[in-house]
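Have a look at the structure below before the remarks.
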Amino acid sequence: MNEYEDIWELYGLGNDPFFTEPLSLFGGIDIRVGFVGREEEVRRLQVLMGGSGGGRILVTGNVGVGKTTFVNFVRASAPSKQFFTPLKEIQTQPEWTGTDFVLNTLAAIHNTIKLRSDLDSKQISQEIWKKLELLVDIVERKDRNFSLDVLSVGGGYGTSTTINVPTPTINSLHVFFEQLVAEIQKMGFRQVILSYNNLEIIEPKDLTRLFNSVRDFIQTKNTKFIFIGGSSVSETISNIPRVQSIMTESPIVLQNLSLTQIKELLEKRIHYLSISGLIPKKPYKDDAISTLYSLYGGNLRFILNAMSTAIKEVVRDVPLVVSSEDVKQILPEVAKNRWLNKLTTQEQEVLMYILHTGEVNNKKIATDLKKQKQNVSPITKKLKELSAIKSRVEGTEKFFTAEFDIKWFLLQNERKSQPQSEVKVSNEVQKVLGNFPL
């Protein structure tokens, strides 16, 4: 098989059913049919969005649990003629100030109005629209000084019109945003729904500064603000009394989907990704999903990544159906080729120690493995460079944990612990892998 060919076509599928990108409001699988579970959480967010006035809420949960898809599903489910919402969630950045936060919000609204065929910028006051375009220019150029000069002379729209664009400070931008929301309501919309993603990538001190800066802005009437982030974001907000006190609801905390729900989700994906005129073939057995669910404690993203890797590693010209036993052989071998073969015996020992122990620092590694701390530091540095481990800083100390795919080695141990009579790797998979000693 040509390595550049799409293996999913062998299964009658137009794309990888194990994709991990969030489902969006437009394009790809219809999010309203590619979503399962979370009925109570959906109801809570719908009630918040449907209420009059403004609103603010945090959606939180572990990495890979499906927070963004959840919010996008509820946004997509809202009546499109009543609720105005940007095409995509707004991606927050670590360097943002309060002014950046508002400017990027305006840019998201501007882009949506321009791209949606059912909306016309002429429905908005032309003075407001021209001011909006000039402000969006600041975001696109990333050159504040030049943009401010443009604002002061009317932005090149002609000498016959003088446009009084507000100086881009957080307060003046807030006033302008309120005017824009009023214009959107004149278009027939009842509410504006905004969602902000990736808050967990911002350091707590910077996130505190950002929220304190936009506190008044996120209280704009007839606008709902949905913040998406990990548990660290919830902890940070709880430590900002001025911000916590204005949150409309307690955070919506998403748990992992059940095994049954993940299987249902994959069945839906295969159905909607099937190529017209072809009968799709499921590329896995249900027991493979069960094995990965157990390995990752139900984390959807990790399960999908692992399943996609296993199939891509062995499928050539025949659409193999990968079982639990296949996964237990394929993934440890992949891990061995990607990491163990690049490590010395001592480096392998440290990696396996971190995998089985959990979060540790260099001092504990050195003590438990009876090594000098100065000899451990270069090892953890190399493991991090190879993306075998990740680190978390607390004060001056670094703590290490194994990356999600390093857990594939645990499948090898699980397989070895089984009676030989129960180990049944498909012949097709074994042919591809060859005689690898696991």
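Summing Lys and Arg as +1 and Asp and Glu as -1 over all other residues whose Cβ lies under 12 Å from the Cβ of Tyr293 gives a net charge of -1. Given +1 at the Cβ of Lys and Arg, -1 at the Cβ of Asp and Glu and no other charges, the dipole of the stretch 312-399 around its Cα centre is 460 debye to the nearest 20.
Each peptide in 392-398, 55-61, 11-17, 93-99 receives the mean, over its residues, of other Cβ atoms within 10 Å, and ordering these scores from highest gives 55-61, 11-17, 93-99, 392-398.
Prolate is the label for the stretch 1-97, because a/c, from the alpha-carbon gyration tensor with a ≥ b ≥ c as root eigenvalues, is 1.5 or above and a/b exceeds b/c. For Asp368, neighbours were defined as the other residues whose beta-carbon sits under 14 Å from its Cβ, and their charges (Lys and Arg +1, Asp and Glu -1) total +3. Checking (i) 23.9; (ii) 22.8; (iii) 24.9 against the coordinates, the calculated Kirkwood radius over Cα pairs in Å falls under label (iii). The slack in the chain from Gln374 to Val253, taken as 0.36 nm per residue of separation less the alpha-carbon distance, amounts to 39.5 nm. In order along the stretch 248-255, phi translates into HN-Hα couplings of 6, 9, 5, x, 8, 9, 8, 9 Hz, rounded to whole numbers, per the Karplus curve 6.51 cos²θ - 1.76 cosθ + 1.60 with θ = phi - 60° and x for Gly and Pro.
Within the shell defined by Cβ-Cβ distances under 13 Å, the residues around Asn197 carry a net charge of 0, with Lys and Arg each +1 and Asp and Glu each -1. Charged side chains reduced to their Cβ positions (Lys and Arg at +1, Asp and Glu at -1) give the chain a dipole of some 660 debye around its Cα centre. In the chain, a dipole from Cβ-located charges (positive for Lys and Arg, negative for Asp and Glu) runs towards its positive end, and of Val243, Pro319, Met49 it is Val243 whose Cα lies farthest in that direction.
All of the numbers you see were taken from the coordinates with simple rules; none came from a lab. Because the structure is a prediction, the values reported are computed rather than measured. Counting neighbours? That spans all protein chains shown, and the Cβs are built from the backbone with ideal geometry, glycine included.
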